[in-house]
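Since every read-out is calculated from the coordinates, none of them should be taken as a lab result. What you see is a predicted model, and the numbers here were worked out from it, not measured in a lab.
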Ligand code: BG6
């Protein structure tokens, strides 16, 4: 029989350091790869060092949104009070590696950064909000990028493991749920953001991405190994940018195209959950004329240190076909996909597919049979109906309500064990893909525009009151 007490369902919201803290050089913080991203369409493109128009050659006029964020570094106490009032019992955020280790190579942590995170944890504890901590959310010290090529180098892995070990020791009494990397599979789509990777025209891009991926997968295993020694109760999760890829038609060729697209992403959770690379990976390397540098013991380390739960982000499904030439495409989370004629994107930059959440939950649970954790889900759109101090966002209420319904069906009818739900961008923040504040996700509005202008005041949107009401009815009921 099960004698352990059932954990309450974790209802919360999520943010990241790089999209909120701002103060990018304050109090001893060093710049990160993310701080190098300007507010223009170079954000998602691979960085070629031999291209004069790369993001290292910025003009005085180029605005870098993460330098200001939403000033969370100073507003966290008030923001946590708003979360407490909202009624969430958990909150996912990331720790900024370069706020603690400015260049990544220091041997002692920056005391001001440390004091900041200690106070953040203390305030969450006072508000009875459980922290879910991401150790690397699209962020590494810029100096590891410029001096070592980011995650292409094993040295970056060593420095990350040192940082992670420090953080896990320092906050061992504050945190139970750890996510070593945000959306590791995004390194294949946005290699500079996901891994601080830079290229020259001669590089085999795929080789570099998979080499960096190997280092992140190893780093993840190291963190699990070290963390379980620090506190055996620690729970670790992979974090997959998920969303099932549908075939555009029942043509077997389209079905196969969809399978191929999904397995590129699933490789990452496969290694983190099962402890080994999928069978096709050797052939993939051979076909693309590269090998991955591995050290003796690497594969054992991966095999012995797998994760406890499967966490993922879900914004939408994707769609693939064998022949895409005549088909419409649309942007989705970090890449472009085929426009699905059965889905809409009214009031949303990306297509909306609530049933896709249930489909994705089942896809991942069938594959891994581990507790599942939705750590990002939400709708990014402009909220311009600021009327008499109110933000009316019925589309966000509908998005949340429709996704909650599918999540409930996945639990009740499909039997999927779910740890919790973190709504993404619970407080408006800087968008990764667009760099804009005006692509808003929050139930809490932040009065700041795309160029960082505004009062920075927080305003409860209609969706805030809706979520608050929902939580009152559903929290502590499993
Ligand atoms: C996920 C990231 O990819 O999607 C978040 O983990 C990001 O950091 C979110 O903000 C939404 O994407 P975007 O581009 O709208 O900010």
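Couple of notes before you dig in:
- Sorting the Cα pairs of segment 257-353 by distance into bins of 5 Å, from 0 upward, gives 2, 10, 16, 18, 15, 14, 12, 8, 4, 1, 0 percent per bin.
- Rg over Rh for segment 94-135 works out to 1.04, using Cα positions for both radii and the Kirkwood form for Rh.
- Rel. contact order, % - alpha carbon contacts under 8 angstrom, at least six apart, the chain: 18 percent
- Rh by Kirkwood over Cα pairs, then Stokes-Einstein D for segment 10-474 at 1.306 mPa s and 10 °C, µm²/s: 71 µm²/s
- Within segment 270-391, percent of DSSP bridges classed antiparallel, to nearest 5: 65 percent
- Kirkwood radius and radius of gyration were both taken over the C-alpha atoms of segment 105-194, and their ratio Rg/Rh is 1.00.
- Rg/Rh (Cα only; Kirkwood hydrodynamic radius) as it applies to segment 111-263: 1.05
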